[in-house]
Each structure stands twice: as C-alpha cells, then as structure tokens.
Amino acid sequence: MGVPEAGLPQRRRGTNLPKMGDYNQAVILDSIRRAEEGLSRVELAASAGLAAQTVSNICRRLLDNGLIIEAGKEASGPGKPRTMLRLNPKGMYAVGIHIDPALTSYALLDAVGTVLLSLDEPTDLAGDPFEVVAAMGAKVRHIIDESGVDEQRIAGVGVATPGPVDAASGTVVSPPHMPGWARVPLRDILHEATGLPVIVDKDVTAAAVAEVWAGSSSSVRDFVFVYIGTGIGAGLVHQ
C-alpha cells in the first residue's frame, strides 16, 4: 500500500504583474469558493494580495461571464455596506468519473459541488481497455445531453483511477486489479470521445484533494485519508 502525499491546493496569492489575468482569476475564484458566506471585493484584495482595481476588474469579468453572483450586502460597522460575492452554482459544471475494478461511477456536478446526475455501472474488465474507455466517453456525452446543461458551461472531465498513474501524460500504468490495462492513455481517449478537457489522477489522491475542498472538517489541516475500494490506499495530507 503506497502512502503518497497528496498534491493539495494551497491558498494562493495573486500577482499584479502584467499578463497574469488567468492566474489571478483562478486565485479570486478559489478565494470565493473557500468562503461559505462569500467575500467582498475589499476582502478579496486583502486575501489575494492584489490591487483593489485589479480585483474589481476581475470580479466584473466573472460577473459578466456568470461565474459569480452578487449575494446581497452586509454591514460591518460604519461606512457603506459591502457587496458579497459568491460562486454561481449554474456558472460552471464538471463531470467526474471514478474507475474501480468492480464499479465505474459517473457524476455531473455544478460549481459548488452539488451532484445533479449520477450513475454506476460494472467496470468492463473483459473488453479491450481502449474500447472500454471510449465507451466511458460516450457515457459522459449521454449524461451531459440528458442533463440539459449548456455544454459551453462544462469545464471538463476529472477521472480518478487506480494507480500507478502517469499524471503528466494522463496514462494509467498496469493497475494490479485490472489485467490488460497496461499504459492505457485515459486522458487522450476520453478527450477524443468527449471533446472536453480531461484530467487524470490516482483515486486516493483525488479523494484526499476532494476532502480538502469539500469535506466537513475544514478546520483540520493535516490528516491521513484512507481509501477502501477493491484495493486499499492512503494519502497523507499536510498543509
């Protein structure tokens, strides 16, 4: 049983250097996501380490694109009440695939992690792995079509799979309980089948990161995540 240290998202700070708009936008979105009650522009500037005008420009762009919403005003002492910003649940969606040797699970989620559609099916270990993964891509397309979600709002597909995994190439490398799955290019096959961006990571790492992002014990920064499926794995989370 390997015990990898999960590559976890740390609280990021932005930069006021030119040509860093996409990075700063990700920083702002991450800050808003972490705050259950939302954040004001002033609070975002402080937490992200960005100039007030930079934050204002980014927030306007995010509002125009429907990724965040203004969620009322909040007074915090004398002065003008702050306008609170939160993620727009309908602003973006993603599809998750969890591959276990026994069962493959699919889920369509909104921007705040609510599962809108899900289904499970037995994992086909008898078929050709390339064809099996292509069929997974077709299932993703079916889920998106059934949901009625605007495809332009689908950020991409995330895949959690038994390891070992070559994350750089999105390839699964001979998982012990999946005979025949030797260097199967999951990312490339699914991208071709779905037309969407695809990221691939080891199941225990993906689960540990998900716990950090959406778990109930947000005050706990360091923990060991134990994954029990067809196999057993563990991830050490140290922030």
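The values are calculated or read from the model by the stated rules, or taken from the named source; none is laboratory data. These numbers were taken from a predicted model, which means no experiment stands behind them. Neighbour counts run over all protein chains shown; Cβ positions are idealised from the backbone, glycine included. Heavy atoms of the whole protein, side chains included, go into the accessibility calculation; ligands, DNA and RNA do not. Shrake-Rupley method; radii C 1.70, N 1.55, O 1.52, S 1.80 Å.
Computed values, structure above
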{"quantity": "Residue that is modelled with the lowest pLDDT, among those in the range 159-172 that are over 19 Å from ALA102 (Cα atoms) and open to solvent by 20 Å² or more (accessible area, probe 1.4 Å)", "calculated": "ALA167"}
{"quantity": "Identity of the residue in the range 214-237, open to solvent by 90 Å² or more (accessible area, probe 1.4 Å) and at pLDDT below 80, that ends up nearest to LEU103 (Cα to Cα)", "calculated": "SER216"}
{"quantity": "So LEU103, is it farther than 30 Å from ALA135 by Cβ, in contact with a strand residue (DSSP E or B) (Cβ under 9 Å, 6 or more places away or on another chain) and open to solvent by 10 Å² or more (accessible area, probe 1.4 Å)", "calculated": "no"}
{"quantity": "Any hit, the range 145-157, residues being within 25 Å of ARG33 (Cα to Cα), open to solvent by 20 Å² or more (accessible area, probe 1.4 Å) and touching a Gly at 6+ places or on another chain (Cβ under 6 Å)", "calculated": "no"}
{"quantity": "Hits in the range 1-52 - residues which are open to solvent by 90 Å² or more (accessible area, probe 1.4 Å), closer than 26 Å to THR205 by Cα, modelled with pLDDT of 50 or more and of a type outside the set (Lys, Arg)", "calculated": "ASP22, GLU36"}
{"quantity": "Test result for VAL133, touching a residue at least 12 places away in the same chain (Cβ under 8 Å), of a type in the set (Val, Ile, Thr) and assigned to a loop (DSSP other than H, G, I, E, B)", "calculated": "no"}
{"quantity": "Extreme residue, surrounded by the fewest Cβ atoms within 10 Å (Cβ to Cβ), among residues of the range 114-144 that are in contact with a helix residue (DSSP H, G or I) (Cβ under 8 Å, 6 or more places away or on another chain) and of a type in the set (Asp, Glu)", "calculated": "GLU121"}
